[in-house]
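Beneath this line is the structure, given in structure tokens, with notes to follow.
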Amino acid sequence: MGAAKAVEATQYLTFKLGEEDYALDIGKVREVLDFTAITKVPRTPEFMCGVINLRGSVVPVVDLRLKFAMAVTEKTVNTCIIITEVNVDNETVVLGVLADSVLEVMDLDPSHIEPAPKIGGRLRTDFIKGMGKHADSLLILLDIDRVFSSDDLTLAPQGEPAALEPSVAQAPGR
């Protein structure tokens with residue numbers, strides 16, 4: 001309870017993965033796109049859906065549901081891609097994240113944020129900033145910089161055929 005950081009209210013983009021509500025600090029979100037065609041890249045992890053062309057830049061897209069050991073994201077009219085900025089090894093990587101749907105941008109006061117749950121020593125929860133209380137529901141507040149390891153994003157498309165132009169999304173391989 002008292003472990004929540006004493007800072008001003010922060011805005012979060014809320015979205016759904018399955019039946020759960022998640023949230024990202026709005027400062028880490030560049031934009032939200034309607035689902036678009038994703039080009040699969042060979043020899044990437046299962047959670048790496050492929051890449052999209054975002055105004056001339058190649059941006060890797062990941063399926064958070066697969067990263068979190070959930071079923072693959074089913075494409076619907078509400079499926080979208082959240083374009084985020086992830087810090088990896090002191091470099092910013094632009095990354096698309098599939099979401100079942102985006103809900104809203106909301107202010108969340110620090111007094112409504114509980115620390116991430118401690119679930120034994122074998123389960124990793126360091127990627128959860130905390131649990132946000134909103135109305136009668138809980139939001140899982142993600143620390144997007146910790147969801148993916150540098151190894152995860154090093155496997156992001158790089159060194160592939162010339163069709164993949166250098167971009168900010170490939171920063172870890174430089």
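The values are calculated or read from the model by the stated rules, or taken from the named source; none is laboratory data. For clarity, every value in this text was computed on a predicted model and none was experimentally measured. FYI the Cβ positions are ideal-geometry reconstructions off the backbone, even for glycines, and counts take in every protein chain you see.
State yes or no: is Val61 crowded, with 20+ Cβ neighbours inside 10 Å, without any contact (Cβ under 8 Å) to a residue 40 or more places away in the chain and closer than 18 Å to Leu13 by Cβ? When the stated conditions are applied, Val61 passes them. Being more than 16 Å from Ile128 (Cβ to Cβ) and touching a Gly at 6+ places or on another chain (Cβ under 9 Å) holds for only one residue in Pro60, Pro115, and it is Pro60. Close contacts from the range 30-41, counting a first residue that is in contact (Cβ under 8 Å) with a residue 24 or more places away in the chain and surrounded by 10 or more Cβ atoms within 10 Å (Cβ to Cβ) and a second that is of a type in the set (Val, Ile, Thr) and part of a loop (DSSP other than H, G, I, E, B), with Cβ to Cβ under 8 Å and a gap of 6+ residues or different chains, come to Phe35/Thr79.
Of all the listed residues (Asp100, Asp151, Asp145, Asp126), the sole one being under 17 Å from the mean Cα position of the chain (by Cα), closer than 27 Å to Thr36 by Cα and modelled with pLDDT under 85 is Asp151.
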